[in-house]
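Below is one structure, written out as structure tokens, with a few remarks after it.
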Amino acid sequence: MKLYLLNALITPFEVEENEMAVFVVQKLSKEKFIEIFQLAVESKAEVISSIGHQSTAEFLKQILPDNLKKFVSHQRIGISIEEGDLALIFRITERAEKIQEWTLDDLQDFYSQGKIEFLTLSRVYMPEMVFNPANFFSEKEDRNEC
């Protein structure tokens, strides 16, 4: 199992032709975010930090317990979530007018204003069982047949 640390809600898989992926995202409290992170570390999961901004990595280190700080680093890497993997996401709910990197002070302000959220993301396998595009575009009567 791998635990990914992310600073954005992304589509974390490599797409092959005819490949399908479905992800489950859940909003968490900061405490639950830390609890899941702690559990992953205790169970010896491989922790991969894919935090794309230095200031975000620094801010996360400020709010995490000491034993988790060493797992947080600034790395702009692509990831692909596989079966059994989990992502913890720290993101800002404030949308910038243009692409920018927030400063540590900006992040502290957003946090104090409740403009930061914590999420978890996992991949659903056998998505063909839960997702059929025809269900979205067919007549109501036809949906029960899919």
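No value in this document is a laboratory result; all are computed from the given coordinates. For clarity, every value in this text was computed on a predicted model and none was experimentally measured. Glycine gets a Cβ as well: all are built from the backbone with ideal geometry, and neighbour counts include every protein chain shown.
If you take the residues in region 67-122 that are in contact with a strand residue (DSSP E or B) (Cβ under 8 Å, 6 or more places away or on another chain) and among the polar types (S, T, N, Q), which one is surrounded by the fewest Cβ atoms within 10 Å (Cβ to Cβ)? Here the residue is Thr93.
Comparison of Glu101, Glu31 shows that the only residue that is without any contact (Cβ under 8 Å) to a residue 60 or more places away in the chain, part of a loop (DSSP other than H, G, I, E, B) and either farther than 30 Å from Tyr125 by Cβ or not aromatic (Phe, Trp, Tyr) (or both) is Glu101.
Each row is one residue, and each column tells you yes or no for (1) within 21 Å of Tyr125 (Cα to Cα); (2) free of Cβ contacts under 8 Å to residues at least 12 places away in the same chain.
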position	(1), (2)
Lys2	yes, no
Ala8	no, no
Glu14	yes, no
Ala21	yes, no
Ala45	yes, no
Ser55	no, no
Lys61	no, yes
Lys69	no, yes
Ile81	yes, no
